[in-house]
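Scroll down for the structure; my scribbles are underneath it.
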Amino acid sequence: MTLRFAAARRGAAAALIAGCLAATAPDVLAADSAEDLFKQALTINQDAMEVEGPEARVLMLRDVDALLDLIVTRHPDSRLAQMLAEGKAIGRFSRADVRARLADAEAALSPAMRDALGAVAAGPAPQPAATPAPAAGTGDWPQPLQAALLQALGADHAMDRPITELLRIFSGDAPVHVGAPPQVERGTGGRLTVALDAVTLGAGTDSAAEVEFIRITLAPEGDRHLAASVTMAPTVRFDGGMIAMDAPRVEGVFNTDLNVYSRYVAEAKNLRAFETVTDAGGAGHPVEVMRLDSLAVTQDLDDSQPTVTGTGGFVAEGLVAVPEGPIDSAAERFTLDRAALTMDLAGLDWNSYMAISDMAAMAGVTGEDPSDEAVAALFAAMDWASAGVDLSLEGATVTSNGTLIARSDALALSLSADNAGGTGDVLLNLSGRGIGPTDAGWAMARAEEESLSALPVGAVPTDAHLSLRLRSVPYSGLLQAAQQDTAAARRRAAEQAVAAAAPEVVLEDLRLDAPEARLTGSGTVTDISLTGMPPTASGTFELAGLDMLIGHLNGLAPTRPDLEKLLPVLVVLKGLGRAEAPGADTLVYDLTFSPATGRTINGVPLGALGAGNR
């Protein structure tokens, strides 16, 4: 921390000025890479939003601006320097926003303090960049959205954040450009309407998309919220095609203290995707390759609490996709009645939430993933209560030339985790109902791959379920281990964390149901170690349909010599099974493994079984 930054946090004017004059070689200048300088700028910028008093805010924002100058002068070839020089936003961060807030803070200073801080600024602070960034909102168009917005908003420059954050719903962290100056209309009660024309989402990227217009309305809602609504052109154009839709809209609530949207919903109906196909004469024609009846993306976070709690996700309905097009082609076609993704989070502090967002923005700008050490350090410092994700797919079909070859009535994935003091459980659930190839699809697959004939249709699962729990996972210990300097130190720390937590793996439920076969089971793995010591495991599994499978393979054996090694294995497996009743088709297998007793099936040591078969 620099001396002037430390003094600013204390808020004492005398110490603040003395600290500034003493900082002839502040450690904000010590970082070497553009990324390190930018990370420091982000940290000080966030603190400047929270500090009391214009004096402290002025000096902190000057530090931020100086760091950005260093990025441009010391690392002119870096992606960060180029974006700063062009006045582009970097994720949620904008230099133009920093300078606008600095101007506001300087205007709030008393005359005496303005003179004192003016002298400080003329002292040992870093020199500005040799080539300053162009002034926001001037010059040729298109221009980066945030620079153009700040120029257009003027005294309302603080409103740029809710606008740019809203557009991140569409573009993520990719740059957004506008082709004309934003038009701002101010209404009663603080209401603000901004018209953006010729908008490019993801400007400069391979996935750039052009929207003819976007209209955004913001209105105060209480002391710290803005109600936001967006309407936009019904057509999005991109290189090689376009997407048309009915009534696209976004509505949300922006928290001005946290600078995030706590709630929003983005909806569109009757989406149609077109691909431009060039004919023999060189003319391009739009060909419809996808339809989607509706799409809704939502987020709902409770921002009245000191920690993040809420949900987010999407729902898509009525999907038809034809890879080769057009949409009414009889070639391969994929349909899906409904897809839904829900994510939930509880107990995460807001600073950590913002840090994750900033790290994602940084990766989007640099094109490089953050280091494992940086990710581990971020997550190790977090405190959270629970997190989860649920994905469901309903009514999926695959057809080829009008013939149904595969379908799934329902697929679901659920992953959840809880945390108490850095340790918790992770639960994974997977299920499928009415899944797999049809008879026609199975025949096509067998024609292409002869080995599939060894598996009878009656043994192919159509319903499945897996429930797997990891107990007492040492999240914090493993994350702290990942931050150690050497591989040996990381390994030792991870071994110690696992030994202290004593985690377990529990197979709570396994079910595979086929028309003529069934497998169920459950089990537990304990004494888990990273030192190479084998764990202890036990489980019980039930298998039905083995006679059917053996009979099927016996029928193929005369023409399939490659099956001669598989049949004896199945015969031995049947012999090891325990029938609960005479003649029962279902066989039970009790499996155990431990360093002391070895491996057994229904009490028979596997070593003895191997010796008997040699």
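Things to note:
- Qualifying positions in segment 309-335 - of a type in the set (A, V, I, L, M, F, W, C) and either touching a Ser or Thr at 6+ places or on another chain (Cβ under 8 Å) or open to solvent by 20 Å² or more (accessible area, probe 1.4 Å) (or both): 314, 315, 316, 319, 320, 321, 322, 330, 331, 334
- Any hit, segment 396-406, residues being surrounded by 15 or more Cβ atoms within 10 Å (Cβ to Cβ), closer than 29 Å to residue 521 by Cα and not aliphatic (A, V, I, L, M): no
- Qualifying positions in segment 557-614 - modelled with pLDDT under 85, surrounded by 11 or more Cβ atoms within 10 Å (Cβ to Cβ) and under 30 Å from residue 450 (Cβ atoms): 557, 560, 562, 563
- Checked against (1) surrounded by 17 or more Cβ atoms within 10 Å (Cβ to Cβ); (2) outside any helix (DSSP H, G or I), residue 478 meets all criteria but (2).
- Of all the listed residues (471, 492), the sole one being farther than 30 Å from residue 434 by Cβ, outside the structural domain of residue 591 (by the TED database), open to solvent by 50 Å² or more (accessible area, probe 1.4 Å) and outside any strand (DSSP E or B) is 492.
- Residues of segment 88-106 satisfying the condition of being small (Gly, Ala, Ser) and in contact (Cβ under 8 Å) with a residue 12 or more places away in the chain: 89, 91, 94, 96, 100, 105
- Of the helices (runs of 4 or more DSSP H) that lie entirely inside segment 1-66, those containing 1 or more residues that are open to solvent by 50 Å² or more (accessible area, probe 1.4 Å) and modelled with pLDDT under 50 span 3-10, 13-22.
- Filtered by the rule that a residue be open to solvent by less than 40 Å² (accessible area, probe 1.4 Å), of a type in the set (Val, Ile, Thr) and more than 17 Å from residue 160 (Cβ to Cβ), segment 178-231 gives 200, 211.
- Of the residues making up segment 338-392, those that are assigned to a loop (DSSP other than H, G, I, E, B) and closer than 23 Å to residue 259 by Cβ number 5.
- Some residue of segment 359-381 being charged (D, E, K, R) and buried (at least 16 other Cβ atoms within 10 Å of the Cβ): no
- One residue alone among 112, 152, 148 is part of a helix (DSSP H, G or I), open to solvent by 30 Å² or more (accessible area, probe 1.4 Å), among the hydrophobic types (A, V, I, L, M, F, W, C) and at pLDDT 80 or above, and that residue is 152.
- Qualifying residue in segment 336-343 (condition: under 23 Å from the mean Cα position of the chain (by Cα), farther than 20 Å from residue 247 by Cα and among the small types (Gly, Ala, Ser)): yes
- Some residue of segment 273-290 being touching a strand residue (DSSP E or B) at 6+ places or on another chain (Cβ under 9 Å), under 17 Å from residue 248 (Cα atoms) and surrounded by fewer than 18 Cβ atoms within 10 Å (Cβ to Cβ): no
- Residue selected from segment 78-96 under the condition modelled with pLDDT of 80 or more and more than 27 Å from the chain's Cα centre (by Cα), by the criterion farthest from residue 159 (Cα to Cα): 85
- Selection status of residue 502, aliphatic (A, V, I, L, M), open to solvent by 50 Å² or more (accessible area, probe 1.4 Å) and without any contact (Cβ under 8 Å) to a residue 12 or more places away in the chain: no
- Among (1) touching an Asp or Glu at 6+ places or on another chain (Cβ under 7 Å); (2) at pLDDT 85 or above; (3) not in a strand (DSSP E or B); (4) not hydroxyl-bearing (Ser, Thr, Tyr), the one test that residue 293 misses: (3)
The values are calculated or read from the model by the stated rules, or taken from the named source; none is laboratory data. This structure is a prediction, so every number in the text was calculated from the model and none was measured. Note: ideal-geometry Cβ built from the backbone for every residue, glycine included; neighbour counts use all protein chains shown. Side chains included, ligands, DNA and RNA excluded: accessible areas come from the protein's heavy atoms. Shrake-Rupley method; radii C 1.70, N 1.55, O 1.52, S 1.80 Å.
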